[in-house]
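We did not get these values from a lab; they are worked out from the coordinates using the rules stated. Computed from a prediction, not measured in an experiment: that's the story for all the values here. In this analysis, Cβ positions are derived from the backbone assuming ideal geometry, glycine residues included, and neighbour counts consider all displayed protein chains.
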Amino acid sequence: MEDAKHYIHFLERYAQGLHSGAEHTQFLNWFDHLDPEVAELVMEQYAQISAKYESDQTLFPPQKSLINSIEQRLDELSEHKNGDMSETRFRLGFLRYAAAAILVLAGTFAYFTLSRKKTPEVTTVKTISNDAVPGSSKAILTLADGSDIILDDAHNGEIAVQEGIRITKTADGKLIYSTEKITGNTDGSSPRVFNTITTPKAGQFKVNLPDGTRVWLNSLSSIRFPASFNGPVRTVDITGEVYFEVAQLQKNINGKMQKVPFHVSSADQVVEVLGTHFNINSYQDESATKTTLLEGSVRVLAAKKDKNVKSEVRLRPGEQALVPARIKSQPISVAGITVRSVDSEEAVAWKEGYFRFKDANIQDVMRQLARWYDIEVSYEGDFSSEQFTGFVSRNIRMSNVLKILQEGGGVKFSIKGKKVEVTKAE
């Protein structure tokens with residue numbers, strides 16, 4: 001990729017939407033370490049290449065409009081003759097670097113914009129020198145006997161066997177529970193054995209539960225589940241954010257095959273389901289527990305019921321239930337459960353490798369970044385007028401995400417180790 005003809009070939013394919021995932025990754029690894037001046041030259045060549053395919057419909061419409069707006073801003077800056085020319089050149093180089101981060105680092109269809117009540121003046125951007133790498137697949141498995149297995153360090157293949165359940169780690173970092181032939185008691189009366197999987201900051205993990213249900217855990221999340229689902233109801237407990245693809249399960253009960261319900265319990269609610277796809281966001285630092293349904297049907301029940309408020313709802317695909325978080329020991333807010341129609345892709349963007357926001361404030365944005373990059377965030381100033389809309393890859397370093405946000409205007413960042421201070425841009 002260091003040879004000019006190689007990256008030009010990639011940009012040709014990229015402009016047409018013909019590049020492969022391997023080519024994309026190789027280009028990112030090379031581009032991510034470029035100086036702003038070199039990045040500027042690369043983006044100039046990309047502008048020339050993309051112009052050849054202006055009528056091509058393979059580009060995502062927001063990307064087309066963003067390219068046009070970036071090129072317009074660059075033209076305006078090029079014509080600006082006042083002030084220190086070295087500063088102007090740096091600013092121009094940085095703008096092109098930020099444009100590259102938006103158009104390339106965030107992926108083919110990625111974009112990120114900042115909606116503001118007032119267009120900001122062009123100001124000098126403070127270079128972000130510190131960095132943090134994105135999170136990765138890592139978690140801790142706690143077995144029934146209390147022993148811990150660090151899953152990111154564990155070898156692939158079988159890592160444990162308990163109560164006739166084989167636990168296997170696959171090459172792609174997923175955990176699979178499978179039932180071995182059990183000798184002795186097979187009537188479901190054997191002792192219940194529970195496991196817990198916990199992800200730290202900057203971690204995520206996938207697991208196939210013993211019933212075939214597929215689960216994705218976001219950073220700072222956990223799931224507690226039985227090593228074998230023997231009872232009339234399958235029940236798991238979660239914290240943080242977890243996405244489920246629940247497998248349907250039938251059992252012979254009193255000579256009749258019946259479906260076994262699946263229940264998900266969190267701090268403020270219980271979700272009842274037979275087989276469906278849904279996402280639950282139940283972080284303690286969020287104002288409400290959000291359950292978003294993608295497929296099937298679920299019933300959401302508030303953990304603390306109040307006869308005077310709505311404490312139970314049934315969701316349809318594309319709907320989200322919000323259960324207000326409890327304040328200290330108080331019951332559910334008098335507002336009860338509310339339901340709204342949402343973009344379900346936004347709710348599960350984290351699972352697909354993206355941060356995705358729609359009219360989000362800076363606090364919403366930074367809470368997600370803090371969990372994924374393992375940072376602490378503080379604020380100085382009033383950010384009530386700033387709203388962020390767009391999406392960007394979770395697989396790039398923190399500095400690239402912050403540069404994109406900072407380039408939009410309205411915010412600046414100062415980094416000291418793992419602490420990030422957000423201030424108002426002048």
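Note on Gln363 and His263: the model spin-label points, each 7 Å out from Cα along the C-beta direction, lie 3.4 nm apart. Run the Debye formula on the Cα coordinates of the stretch 133-265, all scatterers equal and no solvent, and tell me log10 I(q)/I(0) at q = 0.18 1/Å. At q = 0.18 Å⁻¹ the computed log10 ratios are -1.01. A protection proxy built from the mean count of other Cβ atoms within 10 Å ranks the segments 281-287, 226-232, most packed first, as 226-232, 281-287.
For the pair Ser137 and Lys418, what calculated FRET efficiency results from E = 1/(1 + (r/R0)^6), where r is the Cβ-Cβ distance and R0 = 25 Å, to the nearest 0.05?
Using R0 = 25 Å, I get an efficiency of 0.75.
Scanning residues 5 or more positions from Thr213 or on other chains, those with amide H under 5 Å from its amide H are Ala247, with H placed 1.01 Å from N in the peptide plane. Annotation: extensible slack from Ile8 through Arg316 equals 106.2 nm (criterion: 0.36 nm per residue apart, minus Cα-Cα distance). Proximity of backbone amide H atoms, modeled 1.01 Å from N, is registered between Lys138 and Gln204 at under 5 Å, excluding neighbours fewer than 5 places apart on the same chain. Hey, which of these cross-link pairs are over 31 Å Cα-Cα: Lys169/Lys256; Lys169/Lys419; Lys358/Lys412; Lys206/Lys412? Where the Cα-Cα span goes over 31 Å, the pairs concerned are Lys169/Lys256; Lys169/Lys419; Lys206/Lys412.
Once the C-beta distance of Lys201 and Lys256 is scaled by a Förster radius of 30 Å, the resulting FRET efficiency is 0.05 to the nearest 0.05. Quick check: net charge around Lys358, other residues with Cβ under 13 Å of its Cβ, Lys/Arg +1 and Asp/Glu -1? Neighbourhood net charge equals -3. With the highest mean first, a sort of the peptides 412-421, 152-161 on other beta-carbon atoms found within 10 angstrom per residue produces 412-421, 152-161. Annotation for the stretch 155-175 versus the stretch 375-426: alpha-carbon center distance of 39 Å. Each residue, Ile176 and Ser297, gets one label point 7 Å from its Cα in the Cβ direction; the gap between the two is 3.3 nm.
Note on the stretch 133-265: dipole from Cβ charges, positive end direction compared against Pro232, Asn218, Ser178; the farthest Cα belongs to Pro232. For the stretch 414-425, the Karplus equation 6.51 cos²θ - 1.76 cosθ + 1.60, evaluated at θ = phi - 60°, returns couplings of 10, 10, 10, x, 9, 9, 10, 9, 9, 10, 6, 6 Hz by residue, with Gly and Pro reported as x.
With both labels modelled 7 Å from their Cα along Cα-to-Cβ, the Arg166 to Ser385 distance reads 6.3 nm. Scalar couplings 3J(HN,Hα) for the stretch 348-357, obtained by applying the Karplus form with A = 6.51, B = -1.76, C = 1.60 to θ = phi - 60°, are 10, 4, 4, 5, 8, x, 9, 8, 9, 9 Hz; x denotes Gly and Pro. If you sort the three axes of the alpha carbon gyration tensor as a ≥ b ≥ c, you get a/c of 1.5 or more for the stretch 336-383 and a/b no higher than b/c, which makes it oblate.
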